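Colleague: After the structure tokens below, expect a handful of questions from me.
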Amino acid sequence: MANFIKGFRCTLCNKIYAEKEIKYTCPSCGEKGILDVEFDYSSMKKFVDKYYFKMNPDFSMWRYYLLMGIDTKYIPKMLKIGGTPLYKANHLQKSLGIKSLYIKDEGQSPSGSLKDRASGVAVLKALENGYKTISCSSTGNAASSLACHAARMGLKTLIFVPKRAPIGKLNQLSIFGADVVMVDGDYKDTYELSKQAIDYYGYYNRNAAINPFLVEGKKTVALEIAEQLDFSPTDWVAVSVGDGCTIAGVYKGFYDLFMLGLIEKIPKLLGVQSSGCSPFVNAFENDMELEEAFENTIADSISVGIPRNPVKAMLAVKNSLGSWVRVDDEDILKYMRKLGSKEGIFGEPAGVAALAGIRKAVSMGIINPLDSVTMIMTGSGLKDPLNAEKACKPPILIKNDLKALVNYLNEKGDK
Ligand SMILES: *Cc1c(COP(=O)(O)O)cnc(C)c1O
Ligand SMILES: [Zn+2]
């Protein structure tokens with residue numbers, strides 16, 4: 001099988017390692033030395049062109065395996081990941097005040113979030129390397145997606161979640177048969193304990209940024225967006241940011257296509273965080289290194305006080321000539337209602353944050369009203385029913401009686 005991997009480059013010291021030499025991070029930089037998979041684009045070009053995509057009968061993310069540096073052996077047994085819809089959002093674009101808006105609905109992934117793209121690759125790599133158990137710490141979605149794909153492929157999972165994880169995500173873990181450890185602490189504490197446990201037991205590590213192949217999975221969302229827009233992606237792509245792996249992946253996908261000569265420009269990336277936890281936006285605004293932030297937002301998936309992929313995420317926004325914004329939880333709830341009522345899409349708070357971020361960026365003059373924008377809706381609202389309840393009024397109870405119903409509807413003012 002063709003493999004176009006040139007090596008792994010450390011994002012901190014730029015040292016290059018051979019693929020076989022290394023499993024997770026840079027030996028000289030330690031845990032902060034996140035590696036990036038480097039490809040030989042001039043060789044890849046000979047295989048991957050528009051014709052290659054056009055003739056490709058696989059409509060899952062595995063259609064991009066040549067660009068991901070993965071083995072295809074286990075793919076036929078896996079659940080379908082990727083191939084999510086990209087919708088034009090005619091109603092919402094009007095209320096946001098922009099010319100054109102697209103929504104990439106990752107809520108339709110097998111476990112209901114974009115994390116499936118990374119977890120699928122993690123499971124493949126664990127199988128390739130002969131592991132029986134795979135482990136991670138997660139605010140929720142990385143965990144539930146890992147448990148989902150591991151279950152399908154017969155791997156065991158040991159999962160660490162903070163005690164605040166929403167009920168829908170916890171139920172997913174139980175149903176997928178994971179061994180769940182709920183840590184009495186925040187995400188940071190959860191991460192620390194998982195790290196120690198993974199070292200101690202020698203399990204395969206699916207922790208956020210540690211594993212360089214996870215970004216190769218996440219980048220497929222950008223490859224799909226570009227293909228769905230006939231290789232003319234929008235001026236901007238907006239995505240919510242916690243650890244920073246997703247936005248790094250989005251950049252990598254567009255970068256690959258740019259290097260292959262398949263798109264003319266890389267979209268500007270808008271990184272969106274919640275005001276309750278915005279270490280990236282703080283660093284961007286004050287032009288300084290990232291500092292630890294409190295984790296205090298309803299958007300649990302992006303409530304990450306110490307982001308694990310800071311360098312790649314900052315570079316992604318910078319190199320794309322993009323920007324960072326923060327949004328209040330109130331606005332996230334408001335846009336949960338709007339996305340649902342105007343487009344029929346139900347998102348979890350972190351999934352919808354990007355939409356509120358687009359509005360914010362338009363009002364700040366960062367996004368021009370004439371620009372086209374893609375919003376990545378990263379996770380399904382069904383995962384977090386309690387926050388959905390906060391976003392809207394519950395139905396009222398009426399008697400089993402037509403008169404009572406008519407009275408109620410008359411008072412409400414719509415019939
Ligand atoms: C994980 C996640 C994000 C953010 O991804 P990071 O890699 O942590 O930046 C955004 N939305 C949802 C729904 C997620 O699960
Ligand atoms: Zn290094």
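The values are calculated or read from the model by the stated rules, or taken from the named source; none is laboratory data. In this text the structure is predicted, and so the values were computed from the model without any measurement. Because the Cβ atoms are built from the backbone with ideal geometry, glycine has one as well, and the counts that use them run over all protein chains shown. Heavy atoms of the whole protein, side chains included, go into the accessibility calculation; ligands, DNA and RNA do not. Shrake-Rupley method; radii C 1.70, N 1.55, O 1.52, S 1.80 Å.
Colleague: Would you confirm, using the coordinates I've provided, whether Leu269 is among the hydrophobic types (A, V, I, L, M, F, W, C) and assigned to a loop (DSSP other than H, G, I, E, B)?
Modeller: Taking the combined requirement at face value, the residue does not satisfy it.
Colleague: Answer yes if at least one residue in the stretch 45-55 is open to solvent by less than 30 Å² (accessible area, probe 1.4 Å), away from ligand 1 (no atom under 16 Å from the Cβ), free of Cβ contacts under 8 Å to residues at least 24 places away in the same chain and of a type outside the set (A, V, I, L, M, F, W, C), and no otherwise.
Modeller: No, the conditions are met nowhere in the stretch 45-55.
Colleague: Checking the condition surrounded by fewer than 21 Cβ atoms within 10 Å (Cβ to Cβ) and either within 24 Å of Ser100 (Cβ to Cβ) or free of Cβ contacts under 8 Å to residues at least 12 places away in the same chain (or both), which residue from Phe258, Phe294 passes?
Modeller: The unique qualifying residue is Phe258.
Colleague: Restricting to the stretch 373-415, what's the tally of residues that are within 30 Å of Ala356 (Cβ to Cβ) and in contact with a Phe, Trp or Tyr (Cβ under 6 Å, 6 or more places away or on another chain)?
Modeller: Total meeting the criteria: 3.
Colleague: Among all residue pairs at least 6 apart or on different chains, which show Cβ distances below 6 Å where the first residue, located in the stretch 91-105, is modelled with pLDDT of 95 or more and the second is open to solvent by 10 Å² or more (accessible area, probe 1.4 Å) and of a type in the set (Phe, Trp, Tyr)?
Modeller: Qualifying pairs under 6 Å: Ile103/Tyr87.
Colleague: Within the stretch 214-248, which residues are assigned to a helix (DSSP H, G or I), within 16 Å of ligand 1 (Cβ to nearest atom) and of a type outside the set (A, V, I, L, M, F, W, C)?
Modeller: Within the stretch 214-248, Glu216, Gly217, Lys218, Thr220, Thr246 qualify.
Colleague: Report, by residue number, each residue of the stretch 311-344 that is within 15 Å of ligand 1 (Cβ to nearest atom) and either closer than 18 Å to Lys115 by Cα or among the acidic types (Asp, Glu) (or both).
Modeller: Lys312, Ala313, Asp329
Colleague: Take the stretch 1-47 and flag every residue that is within 11 Å of ligand 2 (Cβ to nearest atom), of a type in the set (Gly, Ala, Ser) and either part of a strand (DSSP E or B) or closer than 15 Å to Val311 by Cα (or both).
Modeller: Residues satisfying the conditions are Gly30, Gly33.
Colleague: Residues being open to solvent by less than 20 Å² (accessible area, probe 1.4 Å) and within 24 Å of Asn296 (Cα to Cα): count how many of those fall in the stretch 337-377.
Modeller: Final tally of qualifying residues: 17.
Colleague: Further question: So for the stretch 254-271 (the condition being within 16 Å of ligand 1 (Cβ to nearest atom) and in contact with a Leu (Cβ under 7 Å, 6 or more places away or on another chain)), does at least one residue qualify?
Modeller: Among the residues of the stretch 254-271, not one is within 16 Å of ligand 1 (Cβ to nearest atom) and in contact with a Leu (Cβ under 7 Å, 6 or more places away or on another chain), which makes the answer no.
Colleague: Go through the stretch 75-110 and count every residue that is in contact with a strand residue (DSSP E or B) (Cβ under 7 Å, 6 or more places away or on another chain), assigned to a loop (DSSP other than H, G, I, E, B) and open to solvent by less than 50 Å² (accessible area, probe 1.4 Å). Steps first, answer last, please.
Modeller: Filtering the stretch 75-110 for residues in contact with a strand residue (DSSP E or B) (Cβ under 7 Å, 6 or more places away or on another chain) gives 84-89, 92-93, 98-107.
Subsequent filtering for residues that are assigned to a loop (DSSP other than H, G, I, E, B) retains 84-85, 89, 98-99.
Applying the additional criterion that residues be open to solvent by less than 50 Å² (accessible area, probe 1.4 Å) yields 84-85, 89, 98.
Result for the stretch 75-110: 4.
Colleague: Checking the condition surrounded by fewer than 16 Cβ atoms within 10 Å (Cβ to Cβ), touching a residue at least 12 places away in the same chain (Cβ under 8 Å) and under 26 Å from the mean Cα position of the chain (by Cα), which residue from Phe59, Phe39 passes?
Modeller: Going through Phe59, Phe39 in turn, just one is surrounded by fewer than 16 Cβ atoms within 10 Å (Cβ to Cβ), touching a residue at least 12 places away in the same chain (Cβ under 8 Å) and under 26 Å from the mean Cα position of the chain (by Cα): Phe59.
Colleague: Name the one entry in Leu270, Leu262, Leu315 that is of a type in the set (A, V, I, L, M) and within 16 Å of ligand 2 (Cβ to nearest atom). It would help to see each step written out before you state the result.
Modeller: Working: Leu270 fails: within 16 Å of ligand 2 (Cβ to nearest atom); Leu262 fails: within 16 Å of ligand 2 (Cβ to nearest atom).
When all the criteria are applied, what remains is Leu315.
Colleague: Would you confirm, using the coordinates I've provided, whether Lys403 is away from ligand 1 (no atom under 16 Å from the Cβ), within 30 Å of Ser145 (Cβ to Cβ) and either among the β-branched types (Val, Ile, Thr) or in a helix (DSSP H, G or I) (or both)?
Modeller: In short, no.
Colleague: So which residues in the stretch 105-117 are over 20 Å from Leu170 (Cβ atoms) and touching a helix residue (DSSP H, G or I) at 6+ places or on another chain (Cβ under 6 Å), if there are any at all?
Modeller: Selection gives Arg117 alone.
Colleague: Using beta carbons and a limit of 7 Å, which pairs, at least six apart or on different chains, have the first residue in the stretch 307-335 and closer than 15 Å to Cys277 by Cβ and at pLDDT 95 or above and the second one hydroxyl-bearing (Ser, Thr, Tyr) and open to solvent by less than 40 Å² (accessible area, probe 1.4 Å)?
Modeller: Arg326/Ser274; Arg326/Ser278; Val327/Ser274; Asp329/Ser274; Asp329/Thr297; Ile332/Ser274
Colleague: Would you say Gly202 is out of contact with any His (no Cβ under 6 Å at 6 or more places or on another chain) and either within 12 Å of ligand 1 (Cβ to nearest atom) or among the basic types (Lys, Arg) (or both)?
Modeller: So Gly202 fails the test.
Colleague: Any idea which of (1) assigned to a helix (DSSP H, G or I); (2) open to solvent by 10 Å² or more (accessible area, probe 1.4 Å); (3) farther than 22 Å from Gly30 by Cα; (4) aliphatic (A, V, I, L, M) is the one Ala150 doesn't satisfy?
Modeller: In the conditions (1) assigned to a helix (DSSP H, G or I); (2) open to solvent by 10 Å² or more (accessible area, probe 1.4 Å); (3) farther than 22 Å from Gly30 by Cα; (4) aliphatic (A, V, I, L, M), Ala150 misses (2) alone.
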